[in-house]
1. Only one of these is farther than 21 Å from residue 105 by Cα and at pLDDT 70 or above: 4, 74. Name it.
2. State which residue is surrounded by the most Cβ atoms within 10 Å (Cβ to Cβ) when the search covers only the range 26-39 and only residues that are over 15 Å from the mean Cα position of the chain (by Cα) and over 16 Å from residue 117 (Cα atoms).
């Protein structure tokens, strides 16, 4: 059995830019293995990039607003924007509270309870790394 979160490094070539832009623009990526129902691991990407004090977080799936707000609340950046349905498709990404309440999105979610919070943790680690 492998750990639920796997971090890998992949180079991101930056486009040519002025020395000013190079000092404020950074990107980072984490590859996570989330557990699907039936214990199948699914590889997903979490990406972040910054331009000055603006950060953008790119997440897979239809992320519940509570997860996005948790990222924004703990982000070290003045402005943080969340983009969902990027890189890979995991379907609905409910937070733990939604799993307890039950609803259509929870019933059709491919992920186990608690796995989607790993997206938040990965995003926050990446945001701190590029700050």
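The values are calculated or read from the model by the stated rules, or taken from the named source; none is laboratory data. This is a predicted model, so every value here is computed, not measured. Virtual Cβ from ideal backbone geometry, glycine too; neighbours counted across all protein chains shown.
1. Being farther than 21 Å from residue 105 by Cα and at pLDDT 70 or above holds for just one of 4, 74, which is 74.
2. Filtering first and then ranking leaves 26.
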